[in-house]
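Below: the structure, in structure tokens.
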């Protein structure tokens, strides 16, 4: 018999895969993030997909433990570059010999993105922390001001 309280309090189905998805912070709470999660749930028959934002202000050791307990680790990339947190977590997953993937997000016009799931770390540039911050600023500049006021959709 199903227990409705388990669903309310976040108990995960033990038969579903546990996925940890690390992504650029500019994707948090966007339609792109929702598309990525939906795609991964369907592809891997996964339960809940955890992201770093689910656990704000936790130490690095907490995330390392979460990665170790996950069945699959997925790093999301935009503009064909690995942001610093993404490649750090994927390399950690690799050191644990965990299955890990790169989910490449490609913008295909206004409000349309295509997703490509690739095994492992692909040969794209890995940004430093400073380069990652510059990338975020570049994307945010395009979304600020006039376009934001008049309904231009966000880049991702």
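Residues in region 16-41 that are part of a helix (DSSP H, G or I) and under 14 Å from residue 117 (Cα atoms): how many? First the steps, then the outcome.
Here is the first cut: in region 16-41, the ones part of a helix (DSSP H, G or I) are 25-27, 31-41.
Okay, now just the ones that are also under 14 Å from residue 117 (Cα atoms), so 35-41.
Number of matching residues: 7.
Considering each of 127, 118, 103 in turn, give the residue that is under 25 Å from residue 16 (Cα atoms), modelled with pLDDT of 90 or more, touching a strand residue (DSSP E or B) at 6+ places or on another chain (Cβ under 6 Å) and crowded, with 18+ Cβ neighbours inside 10 Å.
Details: 127 fails: under 25 Å from residue 16 (Cα atoms); 118 fails: crowded, with 18+ Cβ neighbours inside 10 Å.
So the residue among 127, 118, 103 that is under 25 Å from residue 16 (Cα atoms), modelled with pLDDT of 90 or more, touching a strand residue (DSSP E or B) at 6+ places or on another chain (Cβ under 6 Å) and crowded, with 18+ Cβ neighbours inside 10 Å is 103.
When you scan region 83-90, do you find a residue that is under 14 Å from residue 37 (Cα atoms) and surrounded by 14 or more Cβ atoms within 10 Å (Cβ to Cβ), even just one?
If we filter region 83-90 for residues that are under 14 Å from residue 37 (Cα atoms), which is where we start, we get none.
Checked against the condition, which is being under 14 Å from residue 37 (Cα atoms) and surrounded by 14 or more Cβ atoms within 10 Å (Cβ to Cβ), region 83-90 yields no hits at all.
The values are calculated or read from the model by the stated rules, or taken from the named source; none is laboratory data. A quick note: this is a predicted structure, and the numbers were derived from the prediction, not measured. Because the Cβ atoms are built from the backbone with ideal geometry, glycine has one as well, and the counts that use them run over all protein chains shown.
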